[in-house]
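K.L.:
First the structure, then my questions, so here it is.
The values are calculated or read from the model by the stated rules, or taken from the named source; none is laboratory data. These numbers were taken from a predicted model, which means no experiment stands behind them. We work out accessible area using only protein heavy atoms, side chains counted, and drop any ligands, DNA or RNA first. Shrake-Rupley method; radii C 1.70, N 1.55, O 1.52, S 1.80 Å.
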Amino acid sequence: MLLTAIGIYFLSDWSQQVAGMVLVASLAGLGMVLMSSFPIALFLEWARAQNPSE
């Protein structure tokens with residue numbers, strides 16, 4: 001999503017219109033939120049897999 005927003009922003013004139021600005025901002029925001037939660041999920045999965053007796 002983030003890459004799509006960057007592509008629309010730099011490669012299209014659509015980002016100069018209000019609807020394009022809203023689309024770029026929405027895609028960028030959602031893309032960054034999805035990316036930020038992935039490392040947290042990996043850490044939680046790793047933490048659950050640890051053996052507590054060590």
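K.L.:
What part of the accessible area of the chain, given as a whole %, is carbon or sulfur when the probe is 1.4 angstrom?
P.N.:
So the carbon and sulfur contribution to the accessible surface is 71 percent.
K.L.:
To the nearest 10 degrees, how steep is helix 2-11 against the longest Cα principal axis of the chain, on a 0 to 90 scale?
P.N.:
20 degrees
K.L.:
Could you list, bin by bin from short to long, the percent of Cα-Cα pairs of the chain in 10 Å steps?
P.N.:
Bin by bin from 0 Å, the calculated values are 24, 32, 18, 14, 9, 4.
K.L.:
Grab the DSSP H runs of the chain that are 4 residues or longer, score each as -39,500 (n - 2.57), total them, divide by all residues and round the 222 nm result to the nearest 500 deg cm²/dmol.
P.N.:
That comes out to -27000 deg cm²/dmol.
K.L.:
Averaged per residue, what accessible surface does the chain expose to a 1.4 Å probe, in Å²?
P.N.:
84 Å²
K.L.:
If one takes the longest principal axis of the Cα atoms in the chain, at what angle in degrees, from 0 to 90 and to the nearest 10, does the Cα axis of helix 18-49 lie?
P.N.:
Rounded to the nearest ten degrees, it is 10.
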